[in-house]
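This report concerns only the one structure given below.
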């Protein structure tokens, strides 16, 4: 039995859910998201919550049960609260700035890295060494954070690079004389 799948997804006030067949559409104060459930699970709306159950007792149905429930939960959370990922930049001369619909990163290369900001995503730089990525789609927010981090991953000797807020970088000792 899936421990995650057993929990119903509660629908907060201000969020409307349209469940027709295997398609699920969620509208809230932050926007609108939709998804199609796999054929192995069935979702029903019961007294202010969405309940996801497996259609049969097959291995695939049981493995999809918890996944689909989590994806439904992410939709509801996204349209009601949104998702935010914070990145920190460490290194001398490393900085970020938002100019219009582009994020400009100076990461020690001979050129600036220009990253176009996609629709539905908001990027803020409170300080030149902090980036805050926010949006309603959890997958999209996480993917953009991973793409920005990919330009200069934190290295283990001095810790220079782009890291997630709160991420621990295992440090190595340098060469000894």
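The values are calculated or read from the model by the stated rules, or taken from the named source; none is laboratory data. Note that the structure is a prediction, hence the values are computed from the model and not measured. Backbone-built Cβ (ideal geometry, glycine too); neighbour counts: all protein chains shown.
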*Just checking, which of 91, 174, 100 is more than 30 Å from residue 45 (Cβ to Cβ), in contact (Cβ under 8 Å) with a residue 24 or more places away in the chain and more than 18 Å from the chain's Cα centre (by Cα)?*
91
_Sole exception among (1) under 22 Å from residue 167 (Cα atoms); (2) surrounded by fewer than 18 Cβ atoms within 10 Å (Cβ to Cβ); (3) in contact (Cβ under 8 Å) with a residue 12 or more places away in the chain; (4) under 21 Å from the mean Cα position of the chain (by Cα) for residue 126, by number_ = (3)
*Selection status of residue 143, outside the structural domain of residue 8 (by TED's automatic domain parsing) and in contact with a strand residue (DSSP E or B) (Cβ under 6 Å, 6 or more places away or on another chain)*: no
*asked:* For the range 1-63, give me every one of the strands (runs of 3 or more DSSP E) that falls completely inside it and has 2 or more residues that are in the same structural domain as residue 74 (by TED's automatic domain parsing) and under 23 Å from the mean Cα position of the chain (by Cα).
replied: 16-20, 23-28, 31-36, 49-54
*Residues of the range 9-58 that turn out to be over 18 Å from residue 78 (Cβ atoms), surrounded by 14 or more Cβ atoms within 10 Å (Cβ to Cβ) and free of Cβ contacts under 8 Å to residues at least 12 places away in the same chain, as a count*: 0
